[in-house]
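Heads up, the thing below is written out as structure tokens.
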Amino acid sequence: MANYGFAIDLRKCIGCHACTIACKAEHQIPIGVNRCWVKTVEKGTFPNTRRFFFPVLCNQCDDAPCITICPTRALFKRRDGIVDLHSDVCIGCRACMVACPYDQLFIDPNTHTAEKCNFCANRVENELLPSCVSVCPTECRIFGDLDDPTSEVARIAKAEATERGEGAPAKSLRGVGAPGLIKVRKPEKGTQPKVFYIGAEESAIQPEIAARPFIYKEGQVLLRPLGSPEPDPDRPDEARVDYDTPHAKPWGVDMAIYLLTKGIATGTMLLCALVAYFFNDRSALTMTVGPFVSLAFLLITTSVLVADLERPERFYYMLIRPNWRSWMVWGTWFLIAHGAITTLWIAAGWFGATGVIAWLVWPAVIASLLTTCYTGFLFAQGLARDLWQGPQSAFDLLAQAVAEGAAALLITAALVPGIGSARVTSALAVILIGAMVLHLSFLVFENLLAPSPTRHHELAVSAIRRGPFARLFWGGAIVISIVSIAVGAVATTVPFALALAAVLALAGSFAWEYVWVEAGQSVPLS
Amino acid sequence: MPPFKSHPDPATWDDYVDFESTSWPKKERRRYWIIPSVCFNCESACGILAYVDKEKLTVRKIEGHPLHPGSRGRTCAKGVVTPNQLEDPDRILYPMKRDGDRGSGKWRQVSWDEALDDIAGRLRKAIVENRRHEIMYHVGRPGEDGYANRVLQAWGVDGHNSHTNVCSSSARLGHFLWCGSDRPSPDYANAETILLLSSHLETGHYFNPHAQRIIEGQSNGATLIVVDPRLSNTSAKANMWLPAYSGTEGALLLAMVKVLLDENLYDREFVRTWVDWRGYLRAARPDLAVTFDNFIVSLKALYSEFTPEFAAAETGIDAAQIVDAARAIGRARGTFSTHNWRSAAAGNLWGWQITRCLYLLVVLTGSVATKGGVGLHLSNKFVPKHPIPPPPPDYWNELLFPREYPLAFFEMSFLLPHFLKENRGKLDVYFTRVYNPVWTNPDGFSWMEMLTDKEKVALHVALTPTWSETAWFADYILPMGLGTERHDTMSQETHAAQWLGFRQPVLRVAREKRGEKLSATYEANPGEVWEESEFWAALTWRIDPDGSLGIRKHFESPYRPGERVTMDEYYGWMFENSVPGLPEAAATEGLTPLAYMRKYGVFKVKDNVYTPHQEPLSPDALKGATIDAEDEVVIKDGQRIGVVVNGIAMTGFTTPSRRLEFHAQTLVDWGWPEHAVPRYVPGHVHWRSLKRDEGEFDLLPNFRLPTLIHTRSPVKWLYEISHDNPLWIATADARRYGIDTGDLVKVRTRIGYFVTRAWVTEGIRPGVLGMSHHLGRWRLHEEMGSRVASALVTIDRQGTGYKVSQVHGAQPFASNDPDSSRIWWTEVGVHQNLTFPVQPDPVSGMHCWHQRVTLEKAGPDDRYGDIYVDTAKSHEVYKEWLAMTRPAPGPGGLRRPLWFDRPLRPTSDAYRL
């Protein structure tokens, strides 16, 4: 079986956009979205100005992160290596858009499902070249079988592997041989992309280098990713993008709301279980009202998630067509488990079945922890976003969930007097303060102290520290959180003061969750 | 691995089974007829394949035509969007007649019968009353060869007007004076050095065919040199980008000439054989003996001042770079390819001298019509004979070629409103055909004044596939088909070969394949969209229903005497009788020539057309001829008919001397002796003359975008990519004015101003501003005009002052196409041409596009898209430029040299005053 790959000889590309349009025509792509396009970068000062054209399309990665994250196996790899998509089973969760480091997926406004380039598999099966290859006036696009050593694309791929120090030296390839001449996009992502670029300029192939003064098409800055490098007025020679058509960021405020409501749901249940166990507390707060709050927020969380789908009526596909490599699927089951245990707990609490409660404590703790922390792993599966990489966010999510749970319980206790004991309330206050201190330390360490592992990460953090998210970060996530700690510490026994501290903690948390979601997606990918 | 094909095999075209891409990966099959045609979206005439869905009878997509010799299976973005044009929700689908004041926007749908009768009646009356000069056909891009001209000829009307003098006549005149062929046909693919004075890699005259060959040449090692003050996409691909000040290109090129002469990098034998150096020496250097060595000596003397240092000071390019480029050109002896069409030639006064300087390099390197050199369109473009040729018109229309412009290369089209204002004539029936002068030409408000004046233009018929600013002021709007909706033949000199393309109304062809019989193409096209070829035949029959005027016979069937010719018969006759080799090729497939062309859509007549000037003269031609041994030429009936080379009589070039004319005696004879040889004349907006401290700049308004089609491209996929034309301004200049990208700026010309946004860039020479002429479409009615591409505007008139204000730009709207509700762009550019006065070159007649403008930051009351123009001032400027002319008669009482052709040439008698 073949293993299809692609090469673009940028020395021949004239930036005419024939490929962009041929693709639109072949696949009837609506306006506003693209399977392939051509970015333009300028560099240098007059008269040594250069302009570079950089066509992008799906890399059909060997280790495709979109396939890994897709909860319903709508994305799949064909036997010929092409990454294709069953739009019939796509639920429109946009996780693939978060996973793709190359901004190659988008939601088709006609079908409300994901779409992407598939090397024109419909043509390839008819033994026709992809339409962008067939149309290209200068024949700069090369399509072929990477497993066929005689194919041009295989020789180019081999030359690229040789440059990286892998594999045997490539056979002579006309005009190819200069070091660094053949590249792929973001090899560091480990996705094994199969689109090879000949003669790519650094600032064109790496989206984090060139400044984006704005998209010259319009004077409208809507398309400019907020975390782009800023142009330096004193360095007009530096690379700048003057044409690009990035897709809209996949996740919005819904995801921040999901983080908050889920944090409240899991934190509340986690604390009810722990308080019930360690304090041997059997008050209404831990037995019924607290768990009820958890369940209510869990339902809100689920509703937000389902409503956020482009095809909400297909939400159950996650259950009947699960992809067990996707944290989204695991998360769904954790949410279900959490809901079931919480419901049982409320029933047992209502009927005073303390034996059952004792039996439910550890399952409840585990379900809450998993439901809290899986999101960290889910976000980390969003390979496109360096801000979300690594396991540390799972710990911060836990700190936030604990704070949010404590806050929810304190507010509940204040609103419904007499349902909890003073001992539990003051313990919750201490937990709130402790969790917020942990969360704050985490924010300070991650955003102010720790070195950025990548340029992408650096841009995201810089957008948080002094960019478009600075106000919300400093004023919301940092200052409000500090105020909440201070208020909580001063008024440990005054219910309404505690409730105020709790509200502030929720606000601070939410501010960070919003910043985390937005800033994470603010860095240009293409 | 399967053998991948770029296109389906022609054997499958009659029943091609494709997987439906939109329901993929479900394998739903669709059946198509693949019917070839010719793209109609620029002049390249690329071959296209239309996929006609057999169930729905619609065009699913357009692809390149793999057998087409010019485009070789590929198209540009503009070709692929043809289905967007076909399905454009703002398309005009039915003939419409004005139903209110002209320009009031009130229309009623009429039948083709009604329109034909009314228009034919008027035409007949004008012809019968001997007012043929009041009939005019004004064409933008012809997109076909010879049909419309023949219609006018059949009517006996000298009424062909074109767009060429706003496009390319200075490039043409420059080439023509040298070699008698007005369009170069560079053989880029085989060149060693390529020099472009145009942005040919993105927007050239034959963009796709040329771009592919330029890159092919470059990939094979050719050096690409681009001269352009703007970093075009072509400049971006250059091995050497020489951003000379605009209008100084002549100095740059002559400095290169000097390097070739000084370093002995010229092809001595070629120049000796093929240049009319004798003519030059006799006319200009009577002090010297007529020897070739003396010619070289005098050339060196003539260009001695063009040292690299002089050129560097004049052009702003490093002297060393000029020498490097010259040496690259010299090294490419015989394989030097070049092109100059719009930018420098069309931008500057005396732009045709820039062309002549450039061609001098082609001549010196011996690259004329060689493999890898620059061929002649005369030998590379194939125009077949049409049936029953009518005689040429027997009078001269001075509205087209007035006496002031005897050497104008094409009609003085863009001066028409000023001619009518001066009462030089009037028009009874005025056809505009795919022509939008209100928008495309400079000084559009003068056009609007002309078109709204019924005394000047009694009936205006707009033949157009789409709304335009000009069609708005028509009496009839007659919808004509696009690239897949019409019959035409078309050929271009895309490379060193000859080919003929056949454009077809693919839905009609498909229905006829299904066995239906259709009597008119509009029965198959959307709505009642027709095609011109059939329309003209029908119209001509109604002008002369009984044949008594002798007009009808030209549109009678060559096969059925007395019957109206059908399209099958017209083109069938042409393919049977005037395309060498086609009948034989068709016979080998068991097809008639027409069936062959319906199946393949293209025929290669000749390949590897090189050195046509070395064709031996035929014995017939030599009969009665004598040889002038001294000049080595063949003479017959007092005219030179060929050149003797090594004892062989060859045809030579189509110039009076039959050689390449370094010295243009024609210019001397017609009053321009100072321009007799290629020389450097600074342009009309020379950088040294700019008052920089008063805000003066040189505005380059004449560059195109690779994604747009002049006025035929208001379609969603193209506008999604390109919808705005900000003003390019160099960083250094922007800083002086405190202008940032996106800021509103006001640009003043002699006759008005416009307000647009700035784009600050390092991609343009300081002192020069750039603005693409492709955008800034507008409409006066919310729903009559392209909503994808135009701004709704109001026009306020105060006397001769006009103020345009934008009400809104593009915005989403509901239609059958869900995409129309997804339009995300708003600003659609600013129409700068309105604010340009006419600036006709006194020799070539070319409008000199570059503008001397004053830049300022926009004031508090200025809005994006504001335009102001005073047409009284524009008429003043017209008179200033008119005063520069040196009118006919020339020698022998001629209006125009006899060897200067015209697009529709009248009798030679008509050339005499």
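Where a number appears in this text, it was derived from the coordinates with a stated rule and is not lab data. This is a predicted model, so every value here is computed, not measured. Neighbour counts run over all protein chains shown; Cβ positions are idealised from the backbone, glycine included.
Annotations
- Positive contributions from Lys and Arg (+1) and negative ones from Asp and Glu (-1), summed over other residues with Cβ under 13 Å from the Cβ of residue B:781, come out at -1.
- Placing dummy labels 7 Å off each Cα toward the beta-carbon, the span from residue A:423 to residue A:28 is 7.0 nm.
- For residue B:161, the residues whose amide H sits under 5 Å from its own are B:137, B:138, B:139, ignoring neighbours fewer than 5 places away on the same chain, with H placed 1.01 Å from N.
- Mean separation of Cα pairs under 8 Å and 6 or more residues apart, divided by the residue count, gives chain B a relative contact order of 16 percent.
- Computed FRET value (nearest 0.05) for residue B:27 with residue B:589, which takes r as the C-beta separation and R₀ as 22 Å: 0.10
- Antiparallel DSSP beta bridges within the stretch B:169-378, as percent of all bridges there, nearest 5: 20 percent
- Summing charges over neighbours of residue A:480, with a neighbour being any other residue whose Cβ is under 14 Å away from its Cβ, gives -1 when K and R count +1 and D and E count -1.
- Near residue B:185, the amide H atoms lying under 5 Å from its own belong to B:375, B:376, B:377; only residues 5 or more places off or on other chains count, and H is placed 1.01 Å from N.
- The stretch B:140-157 residues near the modelled residue B:907 label - backbone nitrogen below 14 Å, point 7 Å along Cα→Cβ: B:156-157
- Projection of the Cα convex hull of chain A, averaged over all directions and equal to a quarter of that hull's surface, yields 26.6 nm².
- In summary, the lysines within cross-link reach of residue B:421, defined as a Cα separation below 29 angstrom excluding same-chain residues under 8 places away, comprise B:97, B:106, B:125, B:454, B:456, B:803, B:873, B:879.
- Remark: relative contact order (the stretch A:4-243) = 26 percent; criterion is Cα-Cα distance under 8 angstrom and separation of 6 or more residues.
- When both bridge partners sit in chain B, DSSP labels roughly 65% of those beta bridges antiparallel.
- Whether chain B is rounded, prolate or oblate, judged on the alpha carbon gyration tensor where a/c under 1.5 counts as rounded: rounded
- Value of [θ]222 nm, deg cm²/dmol, for chain B, DSSP H segments ≥ 4, -39500 (n - 2.57) each, nearest 500: -7500 deg cm²/dmol
- Across the cross-link table entries A:249/B:5; B:56/B:78; A:194/A:262, which are compared at the Cα atoms, the separations over 29 Å belong to A:249/B:5; A:194/A:262.
- Sorted largest first, the spans of the alpha carbon positions of the stretch B:661-742 along the three principal axes are 52, 39, 17 Å.
- For the stretch B:831-856 and the stretch A:41-92, distance of Cα centres in Å: 46 Å
- Using R0 = 56 Å, the C-beta based FRET efficiency linking residue B:628 and residue B:319 works out to 0.80.
- Relative packing of peptides B:701-711, B:123-133 - highest average C-beta neighbours within 10 Å first: B:701-711, B:123-133
- The stretch B:244-323 versus the stretch A:374-397: alpha-carbon centroid distance in Å: 70 Å
- Fraction of antiparallel bridges per DSSP, the protein assembly as shown only, in percent to nearest 5: 65 percent
- The distance from the alpha carbon centre of the stretch B:551-624 to that of the stretch B:112-156 is 26 Å, rounded to a whole number.
- With a Förster radius of 51 Å applied to the beta-carbon distance between residue A:351 and residue A:112, the computed FRET efficiency rounds to 0.70.
- Tensor-based shape of the protein assembly as shown (alpha-carbon gyration tensor, a/c under 1.5 rounded, otherwise prolate or oblate): prolate
- Label point 7 Å beyond Cα of residue B:803 along Cβ direction - residues of the stretch B:859-894 with amide nitrogen under 19 Å: B:859-874
- In percent, rounded to a whole number, the relative contact order of chain A is 17, using alpha-carbon pairs under 8 Å and six or more apart.
- Per-peptide packing, taken as the mean over residues of other Cβ atoms within 10 Å, places B:210-219, B:689-698 in the sequence B:210-219, B:689-698 from highest down.
- Inter-label distance for residue B:648 and residue A:479, nm, one decimal - labels placed 7 Å from Cα along Cα-to-Cβ: 9.1 nm
- Label zone at residue A:445, where the point sits 7 Å out along the Cα-to-Cβ direction: the stretch A:383-422 residues whose backbone N lies under 19 Å: A:387-404
- Partner shielding of A:470-479 amounts to 0, given as the average count of beta-carbon atoms from other chains within 10 Å of each residue beta-carbon.
- The Cα atoms of the stretch B:726-850 give a gyration tensor whose axes a ≥ b ≥ c have a/c of 1.5 or more with a/b no greater than b/c, which makes the shape oblate.
- Modelled spin-label separation between residue A:63 and residue A:325, with each label point placed 7 Å from Cα along the Cα-to-Cβ direction: 1.0 nm.
- Net +/- balance of residues flanking residue A:440 in space, Cβ distance below 12 Å, scoring K and R +1, D and E -1: -2
- Tilt relative to chain A, helix A:422-444 - C-alpha long axis, 0 to 90 degrees, to 10: 20 degrees
- To the nearest ten degrees, helix A:290-308 and the longest principal axis of the Cα atoms of chain A are 20 degrees apart.
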